[in-house]
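Everything below concerns the one structure shown next.
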Amino acid sequence: MGNHKIILNNGVFCGRCKSDFYLKKILRNAIVQDFKKLNEKELNRIVDFGCGSMPYASFLSFYCREYIGCDLLGTGAAMEFKPGGILPIADGSVDQVVSFQVLEHVHDVSWYLNEAKRILRPEGRILLSTHGTWPYHPHPEDYWRWTRSGIIRTVEGHGFEVENVASLVGPAAWTLMFQFGAITLLLSKFGILGRLMAAAMNVVVNFFLPFVDRITPVDLKKNNASVYVISAKKSHVRAL
C-alpha cells in the first residue's frame, strides 16, 4: 500500500529521466493546491492511510500539529494494522485523512473507506488519489481502476460528500507516456548505454507531455484521466 514504486520507472534516478515524472509533478501540484485552501496549522491531526514512504509528509506536516503514517504490519509505519482490521485510532479524532495511490491496491474498498470515515471528526475531510488508467502494478496486489463517475459513486456511497475531483493526465498524454515508458523500460535492460538512452528519451517525452495534455479537449481529459484526485468531507447522510 501507499506510494508505490510505479512499474514504468526505468531505474535512472533523476527527476525528468523517469517516465512517470510528469504525473508525479502534477499530482504533487494538485495536493499542494488542495491544502493551500487551509489556514496554517488549521488541522490538529492528519492520518496518511497506507502511507508507504510518505513523500508528502514534509509539506503536509506544515498544516497540522500531528502527522501520522499508517500502513500494514511489517512496513515500519508509525501505526500498523492488519488488512481488514481496526486502526489504532479513536473514532472522530482525526481532521484529515490522506490516501495517495492506495485505493487500487486495497482488496476491501468498503472496509478502507469506512475506517477512514470512522476516525474522521464530523465534517472531517479525505483527500485521495487513485488510478483511472494505468498498467498493472502489484504492491503487493493491484485490484481496481475507476472512471470519474465510478470513483465519485464509490466515495459518496461510503458516507462522504465529494467536493472536488481533479483529472490528471488525459488520454493523449498517458498513451504517449505508456508507449515510451515501455520502450525505455526495454532499453534500460541493455547496460549503461541502454539506461542512458532511456533517460534521454524520458527527458524528451516529459518535455512534450504538458503540451499534449494542454491541447486535449477538457471533457475528454475529465472523463479519461490516468489519475483522479478526490477531495471529500464526511457526510451526515447515511452511507449506502
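The values are calculated or read from the model by the stated rules, or taken from the named source; none is laboratory data. The model shown is predicted, which means the values in this text are computed figures rather than measured ones. Because the Cβ atoms are built from the backbone with ideal geometry, glycine has one as well, and the counts that use them run over all protein chains shown. Side chains are part of the model used for accessible areas, which takes the heavy atoms of the whole protein and leaves out ligands, DNA and RNA. Shrake-Rupley method; radii C 1.70, N 1.55, O 1.52, S 1.80 Å.
Accessible area of residue 183 (1.4 Å probe, protein heavy atoms only, ligands and nucleic acids ignored): about 80 Å². Only protein heavy atoms count here; on that basis, with a 1.4 Å probe, residue 174 has an accessible area of about 50 Å². Would you mind checking the tilt of helix 191-214 against the longest principal axis of the Cα atoms of the chain, expressed as 0 to 90 degrees and rounded to 10? The angle comes out near 60 degrees.
What is the gain in length, in nm to one decimal, between residue 193 and residue 36 on full extension, counting 0.36 nm per residue of separation less the C-alpha to C-alpha distance? Please report the intermediate quantities before stating the final value.
On the way: separation 157, 0.36 × 157 = 56.52 nm, distance 4.27 nm.
Here the segment from residue 193 to residue 36 would lengthen by 52.3 nm.
Using mean projected area of the Cα convex hull in nm² as the read-out, say which of [x] 12.8; [y] 13.9; [z] 11.7 was calculated from these coordinates. Recomputing mean projected area of the Cα convex hull in nm² here picks out [x]. Dividing the mean sequence gap of close Cα pairs (under 8 Å, 6+ apart) by how many residues segment 105-240 holds gives a relative contact order of 44 percent. Share of carbon and sulfur in the accessible area of segment 87-136 stands at 56%, probe radius 1.4 Å.
Between the C-alpha center of segment 76-92 and that of segment 34-67 there is a gap of 18 Å. Using only side-chain charges placed at the Cβ, +1 for Lys and Arg and -1 for Asp and Glu, the dipole size of segment 83-219 relative to its Cα centre rounds to 460 debye.
Of the listed residues 28, 153, 125, the order by accessible area with a 1.4 Å probe, largest first, is 153, 28, 125.
Extending 7 Å from Cα along the Cβ direction at residue 137 and again at residue 29 yields two label points whose distance is 1.9 nm. Computed about its Cα centre, the charge dipole of the chain is approximately 540 debye, with only Lys, Arg, Asp and Glu carrying charge at their Cβ.
Probing with 1.4 Å while keeping every protein chain in the model, the per residue accessible area of segment 154-240 equals 53 Å².
Which residue, 50, 130, 158, has the largest displacement toward the positive end of the dipole of the chain when charges sit on each Cβ (Lys, Arg +1; Asp, Glu -1)? Toward the positive end, the furthest listed residue is 130.
Compute the acute angle (0 to 90°) between the alpha-carbon long axis of helix 171-187 and the principal axis of greatest extent of the alpha-carbon atoms of the chain; round to the nearest 10°. Taking the Cα atoms of the chain, the angle to 171-187 is about 60 degrees.
How long is the gain from residue 107 to residue 223 if the chain were fully straight, where each residue apart is worth 0.36 nm and the alpha carbon distance is subtracted?
Using 0.36 nm per residue and subtracting the Cα-Cα distance, I get 39.3 nm.
May I ask what percent, to the nearest 5, of DSSP beta bridges between residues of the chain are antiparallel?
So the antiparallel bridges in the chain amount to around 45 percent.
Only Lys, Arg, Asp and Glu carry charge here, each on its Cβ (+1 for the first two, -1 for the last two); on that basis segment 42-106 has a dipole of about 80 debye about its Cα centre.
Among the lysines of the chain, pairs that are 8 or more positions apart or on different chains and have alpha carbons within less than 14 Å of each other number 4.
Of the accessible area of segment 140-199, computed with a 1.4 Å probe over protein heavy atoms only, carbon and sulfur atoms account for 64 percent.
In a GNM of the chain with a 10 Å cut-off on Cα contacts, which of 209, 196, 87 has the highest mean-square fluctuation? Largest GNM mean-square fluctuation: 196. These residues, 99, 167, 149, go from largest to smallest accessible area, 1.4 Å probe, as 149, 167, 99. With label points built 7 Å along Cα→Cβ from the Cα atoms of residue 145 and residue 214, find their separation and express it in nm. Simple spin-label model gives 2.8 nm for this pair. Build a GNM of the chain with springs between Cα atoms under 10 Å apart, and of 54, 197, 177 the one that fluctuates most is 197.
For residue 51, the residues whose amide H sits under 5 Å from its own are 70, 71, ignoring neighbours fewer than 5 places away on the same chain, with H placed 1.01 Å from N.
Think of segment 185-240 as having a plus end and a minus end, set by charges on the Cβ of Lys, Arg, Asp and Glu; of 216, 190, 229, 229 sits farthest toward the positive end of this dipole.
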